[in-house]
Amino acid sequence: MKPAPLVLLAPSEDKAPGGERGPLPESPAQRWVRERLVALARTGSPAALQKAFGVKDLALDRARTEALALAGPVPLRPALARYTGVAFRALEAASLPPEAWTQVFILSHLRGLVRGDEPVPPYKLKLGALPGLKAHWREALPGLLASLPEGPLWELLPGDSADLLQGWARPRHTVEIFDAGGKAVSHFAKKYRGLVARWILTHRQGDPRGVLKGRLPGCRWAGVAENDLGGMSLRLVVDP
């Protein structure tokens, strides 16, 4: 049997609340981030907290409360049940078989590399919020990425998340998303990354030639070329 395809996704700002309370398992790299986020929530100025969490008013109060809670047992949900942003709504993980959840990996700003079925607490954290956070994950992620299982790998990431993987040598496939006029799609690209991920996981198809045969709602495949990551880059055009 061929190895199952793997998908890399970025985290979303939107997250489901609640979960089953328990201790948060963590590595030293994860502890480094958690402790600094808790310290920021305890002592940071309102301006620093707003920068860290990217929200204000009642949402800022909630984000600070969530960060403070990271000092002890916290509500936990599997990553694919926690993240609820545009890409994850398109992915519709709840309707995928349980084994598909183990094929998705998310580059969490709090937790690093998180598998789809691994526990994640509620939190807010911008990549540029904590001094040294981006450099920290750039240094820590290679060791985590080395543990990924075999299989064709699809990097379905925006630029800021993809930057964390600079220098990683494993070949991987990518998708470029354009509108009908040839302009790169930015915000709405999240939806189509989720749709591509869902198709790959549903059909257990990681070969770019096979993915090109798939039909996705509201868009169409329009070509393929080699990328600079040792894999192939597929061109997806969003229908007007």
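Bear in mind that the values in this text are calculations on the coordinates, not laboratory data. These figures come from a predicted structure and were not determined experimentally. Cβ: placed from backbone, ideal geometry, glycine included. Neighbour counts: every protein chain shown.
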Residue 190: which lysines have alpha carbons under 19 Å from its alpha carbon, excluding same-chain residues fewer than 8 sequence positions away?
15, 124, 126
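Rounded, prolate or oblate: which fits segment 35-111, taking a ≥ b ≥ c as square roots of the Cα gyration tensor eigenvalues, rounded meaning a/c under 1.5, else prolate when a/b beats b/c? Spell out each step's value before the answer.
Details: a/c = 2.78, a/b = 2.04, b/c = 1.36.
Prolate, because a/c is 1.5 or more and a/b exceeds b/c.
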Label zone at residue 226 (point 7 Å along Cα-to-Cβ), backbone N below 17 Å, segment 125-162:
none
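Normalised by the number of residues in the chain, what is the relative contact order in percent for Cα pairs under 8 Å and 6+ residues apart? Spell out each step's value before the answer.
Details: 402 pairs, mean separation 60.9, N = 240.
Value for the chain: 25 percent.
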Per-residue [θ]222 nm for the chain (sum of -39500 (n - 2.57) over DSSP H runs n ≥ 4, rounded to 500)
-10000 deg cm²/dmol
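Answer rounded, prolate or oblate for segment 54-165, using the Cα gyration tensor with square roots of eigenvalues a ≥ b ≥ c: rounded when a/c is under 1.5, else prolate when a/b is larger than b/c, else oblate.
Oblate, because a/c is 1.5 or more while a/b does not exceed b/c.
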For helix 189-203, report the angle its Cα long axis makes with the longest principal axis of the Cα atoms of the chain; keep it between 0 and 90° and round to the nearest 10°.
70
Take the Cα of residue 134, step 7 Å along the line toward its Cβ, and report every residue of segment 154-170 whose backbone nitrogen sits under 17 Å from that point.
157-168
Given R₀ = 51 Å, what would the calculated FRET efficiency be for residue 51 paired with residue 1, taking r from the Cβ atoms and rounding to 0.05?
0.60
Any lysines with Cα under 21 Å of the residue 2 Cα? List them, leaving off those in the same chain fewer than 8 positions away.
213
Contact order normalised by residue count of segment 72-130, Cα under 8 Å, 6+ apart, percent:
42
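Give me the number: length gained by fully extending residue 62 to residue 42, i.e. 0.36 nm times residue separation minus the C-alpha to C-alpha distance, one decimal in nm. Show your work: numbers first, answer last.
Values: separation 20, 0.36 × 20 = 7.20 nm, distance 1.34 nm.
Additional length available on full extension: 5.9 nm.
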From the coordinates shown, percent of Cα pairs over 21 Å apart corresponds to which of [x] 55; [y] 58; [z] 50:
[y]
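Tell me whether segment 154-210 comes out rounded, prolate or oblate; compute the Cα gyration tensor, take square roots of the eigenvalues as a ≥ b ≥ c, and use a/c under 1.5 as the rounded threshold.
Numbers: a/c = 1.78, a/b = 1.05, b/c = 1.70.
Oblate is the answer for segment 154-210, as a/c is 1.5 or above yet b/c matches or exceeds a/b.
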